[in-house]
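First comes the structure, then the notes that go with it.
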Amino acid sequence: MSLIVQKFGGTSVGTIEKIQNVAKKVAGFRDQGHDVVVAVSAMSGETNRLIGMANEMQDQPDPREMDVLVSTGEQVTIALLCMALKNIGYDARSYTGGQVSIVTDSSHTKARIQEIDDKKIHDDLDAGRVVVVAGFQGVDESGNITTLGRGGSDTTGVALAAALGADECQIYTDVDGVYTTDPRVVARAQRLEQITFEEMLEMASLGSKVLQIRAVEFAGKYKVPLRVLSTFKEGPGTLITLDEEDSTMEQPVVSGIAFNRDEAKVSVLGVPEAPGVAAQILSAVGDANIEIDVIVQNTSADKKTNDLTFTVNRTELSKAQAIVEKIAADLNAASVDVDDSITKVSVVGVGMRSHAGVASKMFKALADEGINIQMISTSEIKISVIIDERYLELAVRALHTSFGLDKEAEA
């Protein structure tokens, strides 16, 4: 008998009928003799509905009260799923993040898990119950409700699997695995049988919506076997592998094309050329808990000034702009420009380590489509470019074809 942690997303529990379907799926694993712990999201659309109400109350809703509000969505789901399990003859017990002691830091709306008290869960499992835990939420050391950021239920599922020493963590969603890119953009995208944690981490950080990046970090750090599956379609899904050597015997140079529509660019022009100026600007943005992505600095021909450009999430552009404009004024910079019509497209693959020419092939594929590159960022297994948002789908399709990722047409 093994211990399995299953996580079901909002589309998987979006209606009463879907919740009943999840209960039957969970029951099937119990019938096979497995212990099962389930983490669930709010019903699809519910979190957005709650956020909408908050925005009607305040232009910038108080973060603490926002967490109190949006955490209620998962509380509804855990209760309904337990009722559905009991109705078909399986004992189950639900817990909110606070009740099961998922302790986080105090960073409201994007808290990080610090520890989980697994005693209650083990006691219930020993008693033969299915344990259902609210995803996306926890409490800080003062007992304040916190949330983990959008997609945080994935992190809850993986963190529970790590704390409990689960044999596998299964992430159920509305897709049947991890694809070479979004099938809605590229019809010939292929499902990957497996992918390394390193590649999945890059894909998640670069905009792939299949898994939240912190969930992948957790799984890799604690060596939790992770599998992405569909709630609505039977199949093996995609295994995120622990052992890179097993997965790279015939690893393609590029495993996938990732993209992120939620990028925005901030440019500080005419910054004085002096040590520490870039650090002063970027530190202020970082201190405001705004994540900075791609950074480029150019020195003027006379070497007296610099232009500093960086990207942030589009939702935090106005906040970043206000911070940078204040510092720019203090530094007597020429101007601050912003652009919220950009996107990031990336090629990812551990095979890039042993193959040269990936960058030139990528740039040529984009040039052949008349797509201009504004910024470039690289790592050992990825190359990212910032381009005009209107060329996003064209760029993804061109790169997917160029790197031989297109699925062959069915006869």
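The values are calculated or read from the model by the stated rules, or taken from the named source; none is laboratory data. Note that the coordinates shown come from a computational prediction; the quantities given were computed from them, not determined experimentally. Glycine gets a Cβ as well: all are built from the backbone with ideal geometry, and neighbour counts include every protein chain shown. SASA here: full protein model, heavy atoms, side chains in, ligands and nucleic acids out. Shrake-Rupley method; radii C 1.70, N 1.55, O 1.52, S 1.80 Å.
Place +1 on the Cβ of every Lys and Arg and -1 on the Cβ of every Asp and Glu in the chain, take the dipole about the Cα centre, and give the residue among Ala278, Gly10, Ala161 whose Cα lies farthest towards its positive end.
Result: Gly10.
Within segment 22-64, find all residues whose amide N lies under 20 Å from a label point positioned 7 Å from the Cα of Ser106 along Cα-to-beta-carbon.
Under 20 Å, as judged by backbone N against the label point of Ser106, lie 61-64 of segment 22-64.
Note the angle between two axes, namely the Cα long axis of helix 46-57 and the longest principal axis of the Cα atoms of the chain, as a number of degrees from 0 to 90, rounded to the nearest 10.
Between the helix axis and the principal axis of the chain, the angle is about 60 degrees.
Below 14 angstrom from the Cβ of Val132, what's the summed charge of the other residues (Lys, Arg +1; Asp, Glu -1)? The partial results should precede the final answer.
Values: positive: Lys7, Lys25, Arg30, Lys86, Arg93, Lys120, Arg129; negative: Asp35, Glu74, Asp91, Asp124.
Overall, the nearby charge balance is +3.
Give me a comma-separated list of calculated 3J(HN,Hα) values for segment 96-108, in order, Karplus coefficients 6.51, -1.76, 1.60 applied at θ = phi - 60°, integers in Hz, x for any Gly or Pro.
Computed from phi, the couplings for segment 96-108 are 6, x, x, 5, 9, 6, 8, 8, 10, 6, 9, 7, 4 Hz.
Name the long-range amide H neighbours of Gly177: under 5 Å, sequence gap of 5 or more, or other chain; modelled H, no Pro or chain starts.
none
Counting pairs of Cα atoms in segment 24-159, how many percent are more than 22 Å apart? Numbers along the way, then the final one.
On the way: 3423 of 9180 pairs.
That tail contains 37 percent of the Cα-Cα pairs.
Per residue of segment 353-367, what does 6.51 cos²θ - 1.76 cosθ + 1.60 with θ = phi - 60° give for ³J(HN,Hα)? Whole Hz please, x for Gly and Pro, Karplus curve as stated.
Calculated HN-Hα couplings, in order: 4, 10, 10, 8, x, 5, 4, 5, 5, 5, 5, 5, 4, 6, 4 Hz.
Please list, ordered by chain and number, the residues whose modelled amide H lies under 5 Å from the amide H of Thr305; skip anything fewer than 5 residues away on the same chain.
Long-range HN contacts for Thr305: Glu273, Ser300.
Would segment 259-411 count as rounded, prolate or oblate if I go by the C-alpha gyration tensor, calling it rounded below 1.5 in a/c and otherwise prolate when a/b exceeds b/c, oblate otherwise? Walk me through the numbers before you get to the answer.
On the way: a/c = 2.40, a/b = 2.02, b/c = 1.18.
The shape class here is prolate.
Projected onto the charge dipole of the chain (+1 at Lys/Arg Cβ, -1 at Asp/Glu Cβ, origin at the Cα centre), which of Thr180, Gln114, Ser384 gives the Cα projection farthest towards the positive end?
Thr180
What does the charge add up to near Ser142, with Lys and Arg as +1, Asp and Glu as -1, over the other residues with Cβ less than 12 Å from its Cβ? Show your work: numbers first, answer last.
Values: positive: Arg64; negative: Asp105, Asp140, Glu141.
Net charge in that neighbourhood comes out at -2.
Note down the relative contact order for the chain as a percent, whole number, built from C-alpha pairs under 8 angstrom at least six residues apart. Don't skip to the end; give the middle numbers.
Numbers: 876 pairs, mean separation 54.8, N = 411.
Once normalised by length, the contact order is 13 percent.
Over the chain, average the accessible area per residue using a 1.4 Å probe and give it in Å², no decimals.
Numbers: 18970 Å² over 411 residues.
Per residue, the chain has an accessible area of 46 Å².
Set the Förster radius R0 to 22 Å, insert the Cβ-Cβ distance between Ile88 and Glu17 as r into 1/(1 + (r/R0)^6), and round the FRET efficiency to 0.05. Intermediate results must be reported in sequence, preceding the final value.
Numbers: r = 14 Å, r/R0 = 0.62.
With a Förster radius of 22 Å, E is 0.95.
Return the tail of the calculated pair distribution for the chain, meaning the percent of Cα-Cα pairs more than 39 Å apart. Before the final figure, lay out each step's value.
On the way: 20432 of 84255 pairs.
Summing the P(r) of the chain above 39 Å gives 24 percent of all pairs.
When only C-alpha pairs under 8 Å and at least 6 residues apart count, what is the relative contact order of segment 233-358, in percent?
On the way: 194 pairs, mean separation 51.8, N = 126.
41 percent.
In the chain, what percent of the accessible surface is made up of carbon and sulfur (1.4 Å probe, ligands and nucleic acids excluded)? Please list the in-between numbers first.
Values: 9040 of 18970 Å².
C and S atoms contribute 48 percent here.
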